[in-house]
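The values are calculated or read from the model by the stated rules, or taken from the named source; none is laboratory data. What you are looking at is a predicted structure, and each value in this text was computed from that prediction instead of being measured. For neighbour counting, all protein chains shown are included, and Cβ atoms are generated from backbone atoms with ideal geometry for every residue, glycine included.
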Amino acid sequence: MRRILAIGGGGFMMEDARSPIDEHVMSLTGKARPRICYLATPSGDLPAHLDKFHAAYGNMGCETSHLAFFRQPDSRSILVADFRTRLLEQDAIYVGGGNTKSALAVWRQWGLDTVLREAWERGVLLAGMSAGAMCWFEAGLTDSFWGAAYRPLDCLGLLPGGCAVHYSGDPKKRETLHAAQLAGKIPPSIAIDDFAAALYVGTSLDTVFSWRSGSTAYQAYREGDKVIETALPIKQIGG
């Protein structure tokens, strides 16, 4: 079963306490001690992000590892020379936040984009937050160009349509997404708030999860000379 969990914002990278969405990632594997590999490429393999991942998921009883292209390997690493074999052995692969454009360029250079598609097709759960959510779609609305505005970016294309993240965190996101759709620069999109996540089964949206009041996701698409935006029903997790 091909599954992708796109997290708009939250989890171990943003929350101080143990997050319901990290627990949910683990539960989706169906394993008591799942093997989960972290890709921190969008942050340049920032050591603080690697440490936070291993602490959060290790404390939940997961068998954790990471794949880093910018750091020397350590005892927790999957070696770059053998990443295809090791990634296909995982129960889940989690991509962190940061610069989506730079991460995609590195992955394509190393051939990781092809391996991620293969892992997905073999049933490895793909998950990620922020850049790690947008990367799976045909396009993302991103600030990865380091300019003042958000811009559309071609992504991996495993999932159809576009994606915007941290949607509740910046009012300019809605304005820019709608303008990009009216201009035909980004396809019909899902926009995901902080503390919400969208689960896709195959290439279809299955469930939107929320673990904070008011957080959800939206479908946004052009109809004539206007953009229709609809809040999606949610399934509350985390009590």
Looking at Arg122 and the list (1) surrounded by 13 or more Cβ atoms within 10 Å (Cβ to Cβ); (2) under 25 Å from Ile21 (Cα atoms), which single condition is not satisfied?
(1)
Checking Ala81 against (1) of a type in the set (A, V, I, L, M, F, W, C); (2) in a strand (DSSP E or B); (3) more than 21 Å from Leu199 (Cα to Cα), only one condition comes out false. Which one?
(2)
Failed item in (1) surrounded by 23 or more Cβ atoms within 10 Å (Cβ to Cβ); (2) farther than 29 Å from Ala17 by Cα; (3) not hydroxyl-bearing (Ser, Thr, Tyr), with Ala149 passing the rest
(1)
Condition first: over 12 Å from Cys37 (Cβ atoms), surrounded by fewer than 24 Cβ atoms within 10 Å (Cβ to Cβ), of a type outside the set (Phe, Trp, Tyr) and over 15 Å from the mean Cα position of the chain (by Cα). Can you find one or more residues in region 130-141 that meet it?
no
Here are Gly123, Gly161, Gly128: which of them is in a strand (DSSP E or B), under 26 Å from His54 (Cβ atoms) and either at pLDDT 95 or above or out of contact with any Leu (no Cβ under 7 Å at 6 or more places or on another chain) (or both)?
Gly128
Determine which member of the set Gly224, Gly239, Gly162 is of a type in the set (Gly, Ala, Ser) and within 21 Å of Thr100 (Cα to Cα).
Gly162
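Kindly evaluate Thr207 against the criterion of being within 22 Å of Ser19 (Cβ to Cβ), of a type in the set (S, T, N, Q) and touching an Asp or Glu at 6+ places or on another chain (Cβ under 9 Å).
Working: within 22 Å of Ser19 (Cβ to Cβ): yes; of a type in the set (S, T, N, Q): yes; touching an Asp or Glu at 6+ places or on another chain (Cβ under 9 Å): no.
No.
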Does Ser65 meet the test of being without any contact (Cβ under 8 Å) to a residue 40 or more places away in the chain, of a type in the set (Gly, Ala, Ser) and not in a helix (DSSP H, G or I)?
yes
